[in-house]
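Below is one structure, written out as structure tokens; comments come after it.
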Amino acid sequence: MSQPGIPASGGSLTGPQAQNGAASASGSSYTNGPIQNALLSAQGYNSQLPGSYSHLLPAKTLNPVSGQSNYGGSQTVSPLNNYQGPGQTLHRPPVASNAVTPSLHSGPVPRMPQHASQNPAATPMSSGSFHPGANVPPPLNWQYNYPSTGSQTNHYPRVSTGPTMSGNTNLTSHQYVSSGDPSLQNNFIKSGSAPPLVNPPLPTTFQPGVPLGPPPVGGPPPVRALSPQKSSHRDVPQPSFNSPINQEGITSSTNNGSMGVHNRYDEIEGGGFLATPQLTDKNPTMSRSVGYSYPSLPPGYQNTQPPSTTGMPTSSLSYPSGPQAFTQNSLGANHLTASMSGLSLHPDGLRVINLLHERNMLPSTPLQPPVPNLHEDIQRLNCNPELFRCTLTSIPQTQALLNKAKLPLGLLLHPFKDLMLFFQQLPVVTSSTIVRCRSCRTYINPFVSFLDQRRWKCNLCYQVNDVPEEFMYNPLTRAYGEPHRRPEVQNATIEFMAPSEYMLRPPQPPVYLFVFDVSHNAIETGYLNSVCQSLLDNLDLLPGNTRTKIGFITFDSTIHFYSLQEGLSQPQMLIVSDIEDIFIPMPENLLVNLNESKELVQDLLKSLPQMFAKTLETQSALGPALQAAFKLMSPTGGRMSVFQTQLPNLGVGALKPREEPNQRSSAKEIHLTPSTDFYKKLALDCSGQQVAVDLFLLSGQYSDLASLGCISRYSAGSVYYYPSYHHQHNPVQVQKLQKELHRYLTRKIGFEAVMRIRCTKGLSIHTFHGNFFVRSTDLLSLPNVNPDAGYAVQMSVEESLTDTQLVSFQSALLYTSSKGERRIRVHTLCLPVVSNLNEVFLGADVQAISGLLANMAVDRSVTASLSDARDALVNAVIDSLSAYRSSVLSNHQPGLMVPFSLRLFPLFVLALLKQKSFQTGTNARLDERIFAMCQVKNQPLVYLMLTTHPNLYRVDNLSDEGALNINDRTIPQPPILQLSVEKLSRDGAFLMDAGSVLMLWIGKNCGQNFLSQVLGVQSYASIPQTMTDLPDLDTPESARTIAFISWLREQRPFFPILYIIRDESPMKANFLQNMVEDRTESAFSYYEFLLHIQQQVNK
């Protein structure tokens, strides 16, 4: 993937910019000159000259000891204080030498009128302005086009925001380096050519539990141990940004005495396509570029058994588990299945559906992702869609074809997902040679081509590479000369044990710091008892080793530290009352080794709830507490867990109430943006020091999550929200907190991680979604990575793909395990290229499209308005179905004609419009709306879709017919019903699974058998009003119902509360609100929505 440039605001040359607003904090250098972009002004960027921001965010300097970044002194830094949008847009220079002029709009004029001003940068924003879109709200529909026309510029417009400003820039061109032989196409699919050696079958079964190491004694001839290649220095002109930029692009300050150390993760993980291969030779031994040595990784930790998977489900998808044999049959034949023969496997694929006549298209079983139209030998090796999936499983050959389809092109990833023993084993390779393309740095994968035993061709940039000597030995078969049979070439998902060359410093220890609000309001909720008890219960289960460190900070109007030094008889409390100039007392005793000080830690956790039981302190100095925690963790990095119960009202970061209850239902939401930049700036500081912040908000009052959430969003943390938490008044929230804390404290964790996504030459990534910070153009900084986080990216077709029939995408996640090992987890996805518009529609993944549009809509809500986002969602459906009608259908029949693949597209978009993030006409609290938006941006697709379009089941007649058998348990599988009251009946019981909540509605005339055998009551009237648990009765009906509900809960990392609802229950309104297909006060019914879509499509 080529490395994009980052635009400077307004067109002024303000130095290197990072994608989500932190300029020099990323340490990236942009070499292609100034770029103008309306997005920056539309989102509230201040286009002041460099230096005007120095009092807010000092420049990045390099700490030669830790290898991390510090902020100190003044430097060329972009304004961050006004940035609002959670979306992070990447503006990429074209990879080819011919730059193109992008145009945000092509084809018909948008339905909604355009605003008069087309130059948002012309009106400067005040530095304190938080009204993004005040100049020019973006158009109301998304255009996914980047055509190549007219004059030459090198900036690309943001898809989901305002119009792009014109402006010429000077582009330093970079060419892909390939063999120069046009005949060297991917040999999986090149027809009529001499057959190369392509991945024959494996004779033995690969066992992931066994480390893959060097050849045994007496094996083939000894080979020279080769280390992975380091990305070469970029031999391009460097512009002046008022600070020196060294060979590897590190910006270092000239006025603070810091040392310029070559320490970028960008260089360690390896650059994108812009790496210059001429300066490298094949897989050379990597030389360390830092001034001190690192210990080699211990070989003892080879345990690849999956982590504890309590609460995690088996997959219903039949995708590869472990390595698969790749049998080459007719090598001369075209290995890409012909369109029609592929579709014959899916007879419904060619159906054209009139949704007005066939509304009930919802399948009765969970919707499966479409299978790419690939040869079975390739598809067998493909990445599991639960980890990596694309909105279009058939990639359009050109951007013009993509524009014509009016469908978004993007990827949705779940890169660190728990890979369970019964789902998919994770092969772990231990080798001194990690084989990568010498040009684009792609990791060798199942979709490369072996031209012969000694050469392989990259499937992303088509560079021909030599096979290293060590790679000739196959540790599975213990045979020599079979590189195509190695596990790296037999698994689309694989993990490498990284050698020391992939480290900037010795792997950090696991560090856990807990920050507790102990104000009067916090103590009233009783949360401290639950959290301390959960910590006591799970202390021995925290991921880590003998180096694990732990610490605690509490705060109200002052900051309290706890010395846990080994040898003390009890913990010592140290109080810092000067919150204006926070400092760390006795820093060496505040983060302690957990094993050495475990008794003191346990004593503290037992005494903490009582220590503040009688406090009358009502103020909350969250900002100073976060500053103190950051200072404490900066030397090492780690995870900060912050528990907050109210609006911070003291010291830096203090906030004021902004919610207006009478405007809750308004679509013109004005408080979706942060009220201060303090939490974002601190998050960027944390990211630079490898600290991630997880926020637990337990509050019944407005707490301005829009502002507080920035601390997690930009530090790669997570937000947990428990509205109206109280240990007595809301006991179900206590249960939910305890269950989710158990998962949170014990799940796998990766530290000091970075992730890069690469794609085949001709494709381009331009926008990222998720919780992270973009360290350098396309390198995502993830101080912590957890198995429950999802990410999304938007893409475009930058160059025509006419020379290939397959494209590939690869994500590489470099992280430190809790055991102190540096590891690289790689996922590779392969998809076909098509030139026919009908095939683009046939391969559409409607769930992935809906998930990507939801991410884009959150950005639009923040940068423009909620009503704009809603209009854009509706227009996305209208545009794509209009394109299908006008360009694919030969005869225009009456009705709403859709391809089979998009039969659920209008339903899912209507569900999004009624989802808490985007709904209107309800009394949703502002914090609840913001939290729903946080979930959209951070949840893997499977959970996002469940929250958006819940599953409805009838459960009063469960049977064993079609049931799953898992670990000697029988799990009933009732059919999924449409979300309409038409499907309810008063003589039944219906369970709605809405992701984070389960609602069991009992009809008034429900059978006595279900009432007594499952609910344990004698009559409908005796069902308790606040029933939230099913009794464990010794009846088959009870066993089936409990087994089914338990199975649903086990499939997700959060704990859904179960509410049993009667007709007069207050929760009935919530239940009915999730009936997506029914009309509400302010929203269409599904049929009305279809009529509206038809009217617009048939215009």
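The values are calculated or read from the model by the stated rules, or taken from the named source; none is laboratory data. Given the structure is predicted, the values throughout are model-derived calculations rather than measurements. Because the Cβ atoms are built from the backbone with ideal geometry, glycine has one as well, and the counts that use them run over all protein chains shown. Surface areas here come from the heavy atoms of the whole protein model, side chains and all, with no ligands, DNA or RNA. Shrake-Rupley method; radii C 1.70, N 1.55, O 1.52, S 1.80 Å.
Please report the base-10 log of the normalised intensity I(q)/I(0) for segment 526-595, using a Debye sum with one equal scatterer per alpha carbon and no solvent, at each q in 0.20 (1/Å). Log10 I(q)/I(0), no solvent term: -0.99. The fraction of accessible area contributed by carbon and sulfur in segment 950-1075 is 47 percent, rounded to a whole number (1.4 Å probe; ligands and nucleic acids excluded). Just the protein heavy atoms count here, and of the accessible area of segment 468-550 at 1.4 Å, carbon and sulfur take up 45 percent.
At the residue level, Leu852 shows approximately 0 square angstrom of accessible surface with a 1.4 angstrom probe and all protein chains present. Within the assembled protein chains, the solvent-accessible surface assigned to Arg505 is about 20 Å², based on a 1.4 Å probe.
Counting only protein chain heavy atoms and rolling a 1.4 Å probe, the accessible areas of Ile444, Ile575 rank, largest first, as Ile575, Ile444.
What number in nm² do you get for segment 861-925 if you take the convex hull of its Cα atoms and divide its surface by four?
Quarter of the Cα hull surface area: 5.6 nm².
Glu386 exposes around 60 Å² of accessible area when a 1.4 Å probe is run over every protein chain in place.
Normalised per residue, the accessible area of segment 950-1075 is 43 Å², obtained with a 1.4 Å probe and no contribution from ligands, DNA or RNA. Descending by average beta-carbon neighbour count within 10 Å, the peptides 890-897, 948-955, 584-591, 687-694 line up as 687-694, 948-955, 584-591, 890-897, the highest first. Here segment 755-881 exposes an accessible surface that is 34 percent carbon and sulfur, computed with a 1.4 Å probe and the other protein chains kept in place. The simple spin-label model puts a point 7 Å past each Cα toward its Cβ; for Thr477 and Arg986 those points are separated by 7.1 nm. Using R0 = 56 Å, the C-beta based FRET efficiency linking Asp803 and Lys631 works out to 0.55.
Of Lys916/Lys937; Lys681/Lys739; Lys549/Lys606; Lys549/Lys748, which pairs sit farther than 22 Å apart, going by alpha carbon to alpha carbon? Distance filter (> 22 Å) returns Lys681/Lys739.
Note on segment 862-885 and segment 579-630: Cα centroid distance 48 Å, given to the nearest whole angstrom. The packing ranking, built from the mean of other Cβ atoms within 10 Å per residue, places the peptides 642-649, 752-759 in the order 752-759, 642-649, highest first. With the simple model of a label 7 Å out from the Cα in the direction of the Cβ, Thr1035 to Lys1068 spans 2.4 nm. In a fully extended conformation the segment linking Val732 and Asn965 would gain 80.9 nm over its present Cα-Cα distance, using 0.36 nm per residue. Give me the accessible area per residue for segment 364-470, probe 1.4 Å, as a whole number in Å². Computed with neighbouring chains in place, this is 24 Å² per residue. Rounded to the nearest 20 debye, the dipole magnitude of segment 950-1075 is 340 debye, with +1 charges on Lys and Arg beta carbons, -1 on Asp and Glu beta carbons, and the Cα centre as origin. For segment 539-697, what does the accessible surface come to per residue with a 1.4 Å probe? Please give it in Å². Using a 1.4 Å probe on heavy atoms only, each residue of segment 539-697 averages 39 Å². Going by a ≥ b ≥ c, the root eigenvalues of the Cα gyration tensor, does segment 602-720 fall in the rounded group (a/c under 1.5), the prolate group (a/b larger than b/c) or the oblate group? Because a/c hits 1.5 or more and a/b fails to exceed b/c, segment 602-720 counts as oblate.
Largest first and in whole Å, the equivalent-ellipsoid semi-axes of segment 1005-1099 read 36, 17, 13, each the square root of five times a Cα gyration tensor eigenvalue.
For segment 807-836 and segment 991-1042, write down the distance between their C-alpha centroids in whole Å. Result: 44 Å between the Cα centres.
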